[in-house]
1. Report yes if some residue within the range 49-61 is surrounded by 15 or more Cβ atoms within 10 Å (Cβ to Cβ), in contact with a Cys (Cβ under 9 Å, 6 or more places away or on another chain) and within 27 Å of ARG179 (Cβ to Cβ); otherwise report no.
2. So which residues in the range 128-179 are assigned to a strand (DSSP E or B) and in contact with an Asp or Glu (Cβ under 8 Å, 6 or more places away or on another chain), if there are any at all?
3. I'm told ALA63 meets every condition in (1) part of a strand (DSSP E or B); (2) modelled with pLDDT under 95; (3) not basic (Lys, Arg) except one. Can you identify the failing condition by its number?
4. Contact list please: Cβ distance under 8 Å, first residue in the range 62-73 and on the phi < 0 side of the Ramachandran plot, second residue of a type in the set (Gly, Ala, Ser) and not in a loop (DSSP other than H, G, I, E, B), pairs at least six apart or on different chains.
5. Quick check on the range 62-80: of everything there that is among the charged types (D, E, K, R) and in contact with a strand residue (DSSP E or B) (Cβ under 6 Å, 6 or more places away or on another chain), which residue is surrounded by the fewest Cβ atoms within 10 Å (Cβ to Cβ)?
6. For the range 107-122, enumerate the residues that are free of Cβ contacts under 8 Å to residues at least 40 places away in the same chain and crowded, with 23+ Cβ neighbours inside 10 Å.
Amino acid sequence: MRTIHVLFLAAGAALAGCSQMHHAMHGHGGGPMARAALEPTTGNTTAGTVMFHPSSGGVFMHARITGLKPNSEHGFHIHEKGDCSSGDGMSTGGHFNPTAKPHGPPDAEHHAGDLPALKADASGAVDLKLEVPGLSIGQGAADIVGRGLIVHAMPDDYKTQPTGNSGARIACAVIAAVR
């Protein structure tokens with residue numbers, strides 16, 4: 001019995017070590033994490049999971065999304081309200097914008113909720129990993145927990161105010177803290 005207990009402890013320590021190594025290698029250490037489970041809005045098929053980890057100056061985001069048109073580009077935004085009850089994603093409100101900035105591309109002045117475009121591969125899937133500066137998890141004005149996450153039907157033009165003219169909301173999620 002003692003041997004089995006020691007093996008479980010050793011296995012648990014090894015898994016913890018792997019997790020710590022993963023976080024160290026990918027630039028996100030301890031601290032709060034958040035998760036968004038994207039579900040299709042009415043009549044759509046887009047779904048996926050987005051994980052958020054704290055990083056220096058913002059959050060590290062890993063998005064895995066399927067059900068998009070092959071080789072397509074889509075607007076991707078954090079919205080004000082964590083409410084996907086409307087069926088069309090409109091219950092999430094406008095883009096998350098705690099600093100009252102204009103809508104724009106990631107390399108210029110923009111809403112906190114303006115994320116880089118999603119670019120689907122030939123199978124209609126996205127696996128995107130990137131650091132998003134200026135956001136936080138669980139604290140401050142730029143806290144994303146409890147906000148909505150939306151995938152749009154069309155590309156973001158990064159010009160049209162305040163939305164980017166990226167069309168219908170084809171997937172919706174609420175960003176939730178992970179403990």
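The values are calculated or read from the model by the stated rules, or taken from the named source; none is laboratory data. A quick note: this is a predicted structure, and the numbers were derived from the prediction, not measured. Neighbour counts are summed over all protein chains in view; Cβ atoms, including those assigned to glycine, are modelled from backbone coordinates with ideal geometry.
1. Checking the range 49-61: not a single residue is surrounded by 15 or more Cβ atoms within 10 Å (Cβ to Cβ), in contact with a Cys (Cβ under 9 Å, 6 or more places away or on another chain) and within 27 Å of ARG179 (Cβ to Cβ).
2. SER136, GLY148, ARG169, ALA171, CYS172, ALA173, VAL174 - these are the residues of the range 128-179 that are assigned to a strand (DSSP E or B) and in contact with an Asp or Glu (Cβ under 8 Å, 6 or more places away or on another chain).
3. It is condition (2) that ALA63 fails.
4. ALA63/GLY48; ARG64/GLY48; ILE65/ALA47; ILE65/GLY48; ILE65/ALA171; THR66/ALA47; THR66/GLY48
5. If we take residues in the range 62-80 being among the charged types (D, E, K, R) and in contact with a strand residue (DSSP E or B) (Cβ under 6 Å, 6 or more places away or on another chain), then ARG64 is surrounded by the fewest Cβ atoms within 10 Å (Cβ to Cβ).
6. ALA112, GLY113
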